[in-house]
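Have a look at the structure below before the remarks.
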Amino acid sequence: MAAKYANYTLEWVGTIPGKRESRRFVGDVVLREQDVVECREWHDAVAFGGWNLDDHAPLGFFDDKVPPSIHNQIPGLYNVPLRCLYSKTVPNLFFAGRNISATHVALTSTRVMLTCAQLGEAAGAAAAFCVQKGVSPREAASPESVGEIQERLLRDDHHIVGRASRDPADLARGPGVKATASSSLARVALEQPDGAVALDKDRLVLFAVERGELDRVEVLLSAGEPTKLGWQLHRNDGRGLYIPHQTVAEGTVDVPAGGTQWVSIPVRAKIGQPGWHMLELKANAALRWHTQSGRQVGVKSFLGVGTYKHERGSNLHTRFAKLNGLNHCVRLPDDAALYGPANAVNGHARPFQRPNLWISAPAKPGQDEWLELDFGRETEIREVACLFDSDLDRHLTSMWHTMPYRIEPDLVKDYDVQLRVGGSWRTVKEVRGNRLRRNVTVFDQRYRADALRLAVKATHGNPRAQVYEVRAYA
Ligand SMILES: Cc1cc2nc3c(=O)[nH]c(=O)nc-3n(C[C@H](O)[C@H](O)[C@H](O)COP(=O)(O)OP(=O)(O)OC[C@H]3O[C@@H](n4cnc5c(N)ncnc54)[C@H](O)[C@@H]3O)c2cc1C
């Protein structure tokens, strides 16, 4: 026994042996490694996965011929089609979880618990659809039918990568609906440094661009001596991935010697495809990039680590690794639409190509920050559903006591739902002490109203109101 284990005690042993891979069923589609790695598009996408290809030795502990596990990274989230969740031969058999129709290698990613849970949700919704419509699973997966299942899933805050909701019953997405807000965040700036890192490796900051051009981005640097800094602006490949795909502008900029100084990177790029872009600063021994701890929605910092290939795994998709809780200080130009109120009704309830949420200005004491939907006509309303920001980016471990707080500070805590009835605003629901991302209010009567307002009174700590989605139903 290795010396380092000499003082260890045995605390816990599983009483039931768990088998990592057991029987799988064959569906109309067998999900393959290529489908996962290429983040393939499917008309019948109903669930998503994101774990890497984590292949263990087939003989377990007793396999001394191959490494115990091989972790090959995937470039980003991928979808699983409904056709992997029902039997090719048995007409009324759905499956979900570890037994889905997937190859051994694809299963090394799909088998993780949260993906299994997504698959279960999707299989359940599809089975309900089959019963209601009297159709087979195969018919349910057809292009004509599967959209209804996808809409049902999205309404319940299930996620399908890149699939925006187009629910015809949702009044918030109706033609002529106008979204306005008390205020919106127009510009992201990380300008309160509490540290600095050497630019001894390439470093990168990711952000979304909504406008047709990007003039300049400012970065906060210190230079030990005058130097020329190389930079590149990249964009992703349109599938919502968070990795550079194509360089759209590049150059160098002179940085004079001196401590903490904002350096303007003259990007001057036409933005052909709005969405995630990445500014890369090339390694430079003379420079340090100032950093700010914590997190800022819509901006992520990365460190160049080179592509990684090894007998125990590889990452061939990007040279960069995400930094958690550390941001390179950057000032982005004004981009009013990026966090505007239209995000709450654009059909995307999670980040995809852009943050997709409304963010208000910091609320003043005693003042509501509100989001308003004007339907342009009087309509019947019985249900309002909101999705607040519960910080889906934070890495959560299963050990609750290690969390810095008990409730996500970004979550909306207190809010009112107001309806404009006969020209005057009426509060129809007051919610206090909310702790959930998804809030659904079903009124005990149907109101006739021509506008809806969500008035945010308090969050669990964030001074800004942050809302991913508002839906309304008759
Ligand atoms: C050792 C090990 C470590 C793992 N580590 C992780 C990890 O760290 N993170 C992670 O995300 N995933 C991990 N996984 C993978 C993950 O736990 C499984 O892939 C996942 O739980 C499978 O879920 P499932 O619902 O498909 O199947 P199961 O969880 O196996 O559920 C099937 C259920 O069906 C029941 N059942 C079987 N036959 C019948 C019957 N005839 N009638 C009624 N009930 C029946 C079984 O008792 C069982 O409760 C691990 C798996 C193993 C084995």
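The values are calculated or read from the model by the stated rules, or taken from the named source; none is laboratory data. Note that the structure is predicted; figures quoted are calculated from it, not measured. All Cβ positions, even for glycine, are placed from backbone atoms using ideal geometry, and neighbour counts span all protein chains on display.
Annotations
- Among the residues listed as 310, 290, the single one being of a type outside the set (S, T, N, Q), farther than 24 Å from residue 354 by Cα and out of contact with any strand residue (DSSP E or B) (no Cβ under 6 Å at 6 or more places or on another chain): 310
- Among residues of the stretch 13-37 that are under 19 Å from residue 57 (Cβ atoms) and free of Cβ contacts under 8 Å to residues at least 60 places away in the same chain, none has a Cβ under 6 angstrom from a residue that is near the ligand (Cβ under 9 Å from one of its atoms) and assigned to a loop (DSSP other than H, G, I, E, B) at a sequence gap of 6+ or on a separate chain.
- All strands (runs of 3 or more DSSP E) inside the stretch 1-114 with 1 or more residues being of a type outside the set (Gly, Ala, Ser) and within 12 Å of the ligand (Cβ to nearest atom): 53-56
- Residue in the stretch 437-453 that is surrounded by 16 or more Cβ atoms within 10 Å (Cβ to Cβ), out of contact with any Lys or Arg (no Cβ under 8 Å at 6 or more places or on another chain), assigned by TED's automatic domain parsing to the domain that holds residue 176 and of a type in the set (D, E, K, R) present: yes
- Just one of the listed residues (419, 411) is surrounded by 12 or more Cβ atoms within 10 Å (Cβ to Cβ), in contact with a Lys or Arg (Cβ under 9 Å, 6 or more places away or on another chain) and within 23 Å of residue 114 (Cα to Cα), namely 411.
- A single member of 350, 420, 426 is modelled with pLDDT of 95 or more and outside any strand (DSSP E or B), and it is 350.
Results for (1) surrounded by fewer than 20 Cβ atoms within 10 Å (Cβ to Cβ); (2) in a helix (DSSP H, G or I); (3) among the basic types (Lys, Arg), shown as yes or no for each residue.
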site: 172; (1), (2), (3): no, yes, no
site: 180; (1), (2), (3): yes, no, no
site: 186; (1), (2), (3): yes, no, no
site: 191; (1), (2), (3): yes, no, no
site: 204; (1), (2), (3): no, no, no
site: 218; (1), (2), (3): yes, no, no
site: 249; (1), (2), (3): yes, no, no
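- Filter result for residue 121 (closer than 14 Å to residue 44 by Cα and either among the charged types (D, E, K, R) or away from the ligand (no atom under 16 Å from the Cβ) (or both)): no
- Test: residue in the stretch 382-399 that is in contact with a Leu (Cβ under 7 Å, 6 or more places away or on another chain), outside the structural domain of residue 271 (by TED's automatic domain parsing) and not in a strand (DSSP E or B): yes
- One residue stands out in the stretch 128-141 among those that are among the small types (Gly, Ala, Ser) and more than 27 Å from the chain's Cα centre (by Cα): the one that is farthest from the ligand (Cβ to nearest atom), namely 134.
- Scanning the stretch 219-233 for residues that are in contact (Cβ under 8 Å) with a residue 60 or more places away in the chain and touching a strand residue (DSSP E or B) at 6+ places or on another chain (Cβ under 6 Å) turns up 219, 220, 221, 222, 223, 227.
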